[in-house]
Structure formats: C-alpha cells, structure tokens
Amino acid sequence: MRVLICGGGVIGTSIAFFLSCRGVTAIVVEGTGVASGASGKSGGFLARDWCDGSALAPLAKRSFALHHELTAKLQGDWGYRRLDTYGGTAGFRRLGAAPALAWLADDVTISGALGSPETTAQVDPGRFTAAMLRAAVAQGAELRRGRVTGIALRGGRAKGVMVDGAVVDGDAVVIAMRPWSVLAAKWLPLPRVFGLKGHSLVFDTGAAVPGEAVFLDYREPGGVVLSPELFPRPDGTTYVCAISSTAPLPIDPARVVPDAGAIERL
C-alpha cells in the first residue's frame, strides 16, 4: 500500500513513521520545509492529566506515555525530559509573601504547582518532528519536495495528489497541512480548519534556568492580561510564548510574519 501524506509537520511525519512500522509505503509531500510551521515553533509541552474529565483524557494519557516510549526508538537528541510545572502571576499587586522560583523576577508570584515529572514533560518540537521523519525514512518512507495543489480522484476515491502540475499516484491520501488544510476544502468536502497564530521568542539562558516550566497570568501596564508560557529546554534555551491572534495566514507558510508590535510586547 502506498499512502501520500500532504504536510511535513509533526502530524504528517508521525503518521509516516507509524505507517512505516507496519510495512506501509509512506510518501510525505512538503512544499516549504519539514516543521516549517507550528511544528517547529511551538512550546513542545506535554501533560498527562490536563485533559481529565474530557473526551480527550485517554488520548492525552496515551500520548504522554508514547513520547516516553519513543525515546528508546528514535535516535538523536530531541529535547525530551520530564519537568516540574508551576502557575503564577506577574504585573498584579502582591499581597503578602509568596513562594518564588530563583530564576524569576522578584515581582512574579508563584501560586502553586501544576505538574510534576510524573505528569508533565517537554520536547523540542522541531527536533522531534525531524527525528520522526528520519526514523520513517530509515524504514522505507520518502520525503518529496513540492506543493500539493489538488487531489486526483478516480471513481470517487482519492488515488493521488497534484504536485507542481504532475500527479503522484497513491492508494490513500492524508491531509496534514496544519492550518493550510483549509485549502483542501476546495478539493474535497472537508470541514474547514482554522489556525490560531501565536508569537514566541527563544532566549539563550545557559545553565541559569532549571527544568521548571511556568504558566503565568501577566498584566501589562495598560491593563491587558496575557498568559505567557515559559519552557526552559535542556539545550540551554528558554522558550517564551504569548499573544495569539486569528489574523489570516498567507498561502505560503514561509511568508508568515509576526503581528505588528507583538514581538516587542512579548
């Protein structure tokens, strides 16, 4: 069986890996670059029990365990580790003494623990995505550069994709184009998918910051409340994200740019 996967993000490469484990030929078609979107710029935070009480709870638990299992299957360092996680506030008036973490500013208040190494972990998402693809290719998968512009139908079934004006044949097609999956709604009767645009910075913090993730409620001087997330990584960097928007995305993922002023605020 030959499966064509449209999109080289973490979803597409993960599907390619697990199909290749089952002897299925997987071809990942990517027009911009592997992990070029959110798969290379997200926080990579993992939580075992934060979906408890919802329909996603079994999936979250399976995902958390599976990432740990993959450390023995995927070669290379993709930034996986268990870590402590805390919640807190900044920019609000402090009432009395509050516990703090040594690497945070004095005006940050830690309200309590949100997770422990038993329940929270992290990966470097770009490295993880690349590792999944390498493992898939080692088992017979293929990465094909090119932009998917349509689905080839035969007898009402998807039998290939249009890539740069030519048809690539396959037995099945997977749409894994992240927010750009909305383009596939022109080709097939699929539900529309919309992206939530986020902003992030990566700081070189060396050994100054331990493995302690922090979720904050932060009030800007003008009164706007944001929810920055801080994820120190094993490579000596600290990832910080906040300020999301639903601004329309360009057709080409390579042309995504920050909203005006967002990086300065972050």
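The table for this structure:
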| quantity | calculated |
| --- | --- |
| Residue list for region 184-204, restricted to those being in contact (Cβ under 8 Å) with a residue 40 or more places away in the chain and of a type outside the set (D, E, K, R) | A184, F194, G195, L196, G198, H199, S200, L201 |
| Filter result for S54 (surrounded by fewer than 19 Cβ atoms within 10 Å (Cβ to Cβ), on the phi < 0 side of the Ramachandran plot and over 15 Å from the mean Cα position of the chain (by Cα)) | yes |
| Tabulated pairs, region 167-183, first more than 13 Å from R157 (Cα to Cα) and in contact (Cβ under 8 Å) with a residue 12 or more places away in the chain, second open to solvent by 40 Å² or more (accessible area, probe 1.4 Å) and among the aromatic types (F, W, Y), C-beta under 9 angstrom, 6+ apart or interchain | I175/W187; P179/F194; V182/F194 |
| Hits in region 205-227 - residues which are over 17 Å from S245 (Cα atoms), among the hydrophobic types (A, V, I, L, M, F, W, C), without any contact (Cβ under 8 Å) to a residue 60 or more places away in the chain and open to solvent by less than 60 Å² (accessible area, probe 1.4 Å) | none |
| Odd one out for A26, checked against (1) modelled with pLDDT under 95; (2) under 21 Å from G150 (Cβ atoms); (3) touching a helix residue (DSSP H, G or I) at 6+ places or on another chain (Cβ under 6 Å) | (1) |
| Qualifying strands (runs of 3 or more DSSP E) (wholly inside region 160-238; at least 3 residues being out of contact with any Lys or Arg (no Cβ under 9 Å at 6 or more places or on another chain)) | 197-204, 212-219, 229-232 |
| Scan of region 239-261 for residues that are part of a loop (DSSP other than H, G, I, E, B) and within 30 Å of A185 (Cα to Cα), ordered by number | T246, A247, P248, L249, P250, I251, D252, V256, V257, P258, D259, A260 |
| Selection from region 16-51 of residues that are open to solvent by less than 50 Å² (accessible area, probe 1.4 Å), more than 25 Å from S227 (Cβ to Cβ) and assigned to a helix (DSSP H, G or I) | A16, F17, L19, S20 |
| Selection count where residues are hydrophobic (A, V, I, L, M, F, W, C) and out of contact with any Phe, Trp or Tyr (no Cβ under 9 Å at 6 or more places or on another chain), scope region 228-264 | 8 |
| Residue among T89, T149, T120 that is of a type outside the set (D, E) and open to solvent by less than 30 Å² (accessible area, probe 1.4 Å) | T120 |
| Residue list for region 233-258, restricted to those being open to solvent by less than 70 Å² (accessible area, probe 1.4 Å) and among the β-branched types (V, I, T) | T237, T238, V240, I243, V256 |
| Complete set of residues in region 42-73 that are aromatic (F, W, Y) and touching a strand residue (DSSP E or B) at 6+ places or on another chain (Cβ under 7 Å) | F45, F64 |
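The rows are residues; the columns are (1) of a type in the set (A, V, I, L, M); (2) modelled with pLDDT of 95 or more; (3) closer than 21 Å to I11 by Cβ.
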| position | (1), (2), (3) |
| --- | --- |
| P99 | no, no, no |
| S116 | no, yes, no |
| R127 | no, yes, yes |
| R134 | no, yes, yes |
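The values are calculated or read from the model by the stated rules, or taken from the named source; none is laboratory data. Just so you know, these numbers come straight off a predicted model, no measurement behind them. Every residue, glycine among them, receives a Cβ derived from its backbone with ideal geometry; neighbour counts consider all protein chains shown. With ligands, DNA and RNA removed, areas are computed over all heavy atoms of the protein, side chains included. Shrake-Rupley method; radii C 1.70, N 1.55, O 1.52, S 1.80 Å.
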